[in-house]
Amino acid sequence: MIRWLLWLVGGLVLGGIVHLATVLLLPRTATQDAYTRLAATAPINSVVPLPAPTPDDALLPFMDPAFATAVCRYDLASGPLQLRVPVSQAYTSVSFYARSGIAYYAINDRAAGRRIIELDLMTTQQRADLPEDEEVTAADRLIVESPTRTGLILVRMFGPEPGLMPMARRALASAQCRPQT
Amino acid sequence: MRLLIGLLFSFLVAAIFGLGLTQFALTRGTAFGAITIGAWTAWPKTGTADIDPYARAAIARSGELPIGSGDGVAFFAASDDAGKPLDGRCAVTLSGTTPAARFWTVALYDLDGRLVPNAADRYGFTSQEVSRHADGTFSIVLAPRARPGNWLPTGGIDRYVVVLRLYDTPVGVATRTARDAPMPSITAGACA
């Protein structure tokens, strides 16, 4: 009896380890994460509008139906990326996600304080490689550091009412992300 | 022989217990960094780089992209103020005020995060669309059949979640109580 109890306790302890290991390893092995889901629709380093979510068909779960959304799936292997998003009348936000879906940075039109949200996205290494003087002239532009080489930028424009959605979608069409030249 | 059986038994317990616990934690959501106000719960830390390992695993599994903390915060409610799960065959009233925010939206989803299907093709309300009472409060009725005033169709599904998202808001990681963030009440009414 005691022997079985010991085996049981051993099993539970091992189970705890299995639990922690699976939780920590799952993000690396996930096949249905946002990046993978968007890989089919979004080519690398360009802004692609996402279809409005409907009950039968939504690329990502829990998308807000009041927003027009576009995504830029980025890969910084060939150098930093330049993002330009003209703001819409109601509300515009740009959110940055690492490869695993972690939201590491987000900015909205008010925080940007201009008619156009303009920023440079680069890896920590690429930022370190920036020449000193260039950093000075670039003082007025926003630099965002990506923790991973690949990731997602979500550009979202608010349509306060259904009639304003086409306008939000039009504003979204002029957003661009492209490798810096 | 006894050793072998013992080992197998241990491994079996480990697999069932460990994987079961993981499954449970990822589908139920965890309490780390959660703000609970009435029936509403938000996880503002999930929208930052400080996200906890459980939430990380949960978003990797579901494919959701959480709202970034510089953008806004999402409050989820799966039950009413009395703790009864939200039922699409019953009328449910959201009423009161929302915390300070430039805009907010309300939308209904099934438990997997798909919008609730309905004949009216109406999935949510925004702060601009909702009609308010004279004192600035509002009420929205979630019901299977059309109602006067602010009505969100539930399509008669049995379980759903209401998500209230605040955009450009001071509500976030530092928020603790209902005094900082007055959320609307959720009251269940008659069932069809």
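Per-structure values
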{"item": "Extended-chain gain in nm, criterion 0.36 nm per residue less alpha-carbon gap, residue B:78 and residue B:7", "result": "21.4 nm"}
{"item": "Cα gyration tensor category, rounded, prolate or oblate, for the range A:62-102 with a/c compared to 1.5", "result": "oblate"}
{"item": "Simple label model, 7 Å out from Cα along Cβ direction - residue A:46 to residue B:180, nm", "result": "4.4"}
{"item": "Gaussian network model of chain A, Cα within-10 Å springs - most flexible of A:168, A:42, A:52", "result": "A:52"}
{"item": "Cα shape, the range B:58-162, gyration tensor, a/c 1.5 rule", "result": "oblate"}
{"item": "Whole-number D in µm² s⁻¹ for chain B, Kirkwood Cα-pair radius fed into Stokes-Einstein, 20 °C, 1.002 mPa s", "result": "117"}
{"item": "log10 of Debye I(q)/I(0), alpha-carbon scatterers only, for the range A:73-134 at 0.24 Å⁻¹", "result": "-1.10"}
{"item": "Gyration tensor verdict on chain A (Cα atoms; rounded if a/c is under 1.5, prolate if a/b is larger than b/c, oblate otherwise)", "result": "oblate"}
{"item": "Angle in degrees between helix B:2-28 and the longest Cα principal axis of chain B, rounded to the nearest 10", "result": "10"}
{"item": "Whole-Hz ³J(HN,Hα) from phi, Karplus 6.51 cos²θ - 1.76 cosθ + 1.60, for the range A:19-27, glycine and proline x", "result": "4, 4, 4, 5, 4, 6, 8, 4, x"}
{"item": "³J(HN,Hα) computed for each position of the range B:162-169 - Karplus, 6.51 cos²θ - 1.76 cosθ + 1.60, integer Hz, glycine/proline x", "result": "9, 10, 10, 10, 9, 10, 6, 10"}
{"item": "Order of B:84, B:45 under a 10 Å beta carbon neighbour criterion, fewest first", "result": "B:84, B:45"}
{"item": "Ranked list, fewest to most other Cβ atoms within 10 Å of each Cβ, for A:127, A:156, B:145", "result": "B:145, A:127, A:156"}
{"item": "Residue exposure sequence - B:104, B:43, B:151 - by fewest surrounding Cβ within 10 Å", "result": "B:151, B:104, B:43"}
{"item": "In nm, spacing of pseudo-spin labels at residue B:135 and residue A:3 (7 Å Cα→C-beta vector)", "result": "7.3"}
{"item": "Nitroxide proxy distance, nm - points 7 Å out along Cα→Cβ at residue B:145 and residue B:120", "result": "1.4"}
{"item": "Estimated [θ] at 222 nm from DSSP helical runs (n ≥ 4, -39500 (n - 2.57)) normalised by residues in the protein assembly as shown, nearest 500", "result": "-8000 deg cm²/dmol"}
{"item": "Alpha-carbon radius of gyration plus Dmax, which is the widest Cα pair, for the protein assembly as shown in Å", "result": "23.0, 79"}
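A short reminder: the numbers here are calculations on the coordinates, not readings from a lab. Predicted model only: the values in this text are computed from it and were never measured. Ideal geometry is used to build each Cβ from the backbone, glycine not excepted, and the neighbour counts take in all protein chains shown.
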